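Taking it in order: structure first as structure tokens, then the write-up.
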């Protein structure tokens, strides 16, 4: 098991720039079971095979080079930690505000796992995400149901057929609008996240 643990740690470090926190390695290798946190507050901790992709998608290396994205709250906010810290402080930062928001400190990762991430409820009450700086890209963070996809298509005025959004080849996070103004879509984003918690925004970087 220790050999497997070190192999996973080396692989993730090679792909995502930093060794993952020990508590995350504990979960990946079965040393620490994941509690009811995911069901209770929609926390998703990324696995070793997706963490590099998520850091690349949200351009963490460019906007927060000292940080690692290890999960999200299902509502457009990421769980960030200082790279290389074995038991890091977790910061809750809007995925559309990476690099421009210092985030809400919600506690050490090991303590949060023991307490089912209940600190996220306090962060909901105390923190408001800043308005993203235009222009932005809009992403679907995970695969909602067909009904939600129909609403997304309608409220965001997408030309994509629903089948392209729910098909077996659909990959998430998925950029569905790029180089747009936040104000134009703010109401729709709020409405969709209130119902489905499925959208995030990020600064648009010209190609």
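Is it possible to state the helix-based mean residue ellipticity at 222 nm for the chain, with each DSSP H run of 4+ residues giving -39500 (n - 2.57), the sum divided by total residues, to the nearest 500 deg cm²/dmol? What is it?
Working: 10 runs with 81 residues, N = 207.
It comes out at -10500 deg cm²/dmol, rounded to the nearest 500.
Given a cut-off of under 8 Å on Cα pairs at least six residues apart, what relative contact order in percent is computed for the stretch 136-203? Don't skip to the answer; put the middle values down first.
Details: 78 pairs, mean separation 38.3, N = 68.
It comes to 56 percent, rounded to a whole number.
For helix 2-16, report the angle its Cα long axis makes with the longest principal axis of the Cα atoms of the chain; keep it between 0 and 90° and round to the nearest 10°.
40 degrees
Could you estimate the translational diffusion coefficient of the chain from the Stokes-Einstein equation, with Rh from the Kirkwood formula over C-alpha pairs, at 4 °C and 1.567 mPa s, in whole µm²/s?
Numbers: Rh = 17.7 Å.
Approximately 73 µm²/s, per Stokes-Einstein.
With a 10 Å cut-off between alpha carbons and a GNM built on the chain, which of 78, 103, 167 moves the most?
Most flexible of the set in this elastic network: 167.
Quick one: angle between helix 146-155 and the longest Cα principal axis of the chain, in degrees between 0 and 90, rounded to 10, please.
In the chain, helix 146-155 runs at an angle near 50 degrees to the longest axis.
When only C-alpha pairs under 8 Å and at least 6 residues apart count, what is the relative contact order of the chain, in percent?
Numbers: 325 pairs, mean separation 39.6, N = 207.
Relative contact order, the chain: 19 percent.
If you average the alpha carbon positions of the stretch 156-194 and of the stretch 39-96, how far apart do those two centres end up, in angstrom?
For the stretch 156-194 versus the stretch 39-96, the Cα centre distance is 21 Å.
Against the longest principal axis of the chain, how steep is helix 182-195, in degrees 0 to 90 to the nearest 10, with axes from Cα atoms?
Value to nearest ten degrees: 60.
How many percent of the alpha carbon pairs in the stretch 136-203 exceed a separation of 13 Å?
Values: 1351 of 2278 pairs.
Tail fraction, whole percent: 59.
Every number here is computed from the coordinates shown, using simple stated rules; none is lab data. In this text, all values refer to a predicted model and were calculated from it rather than measured experimentally.
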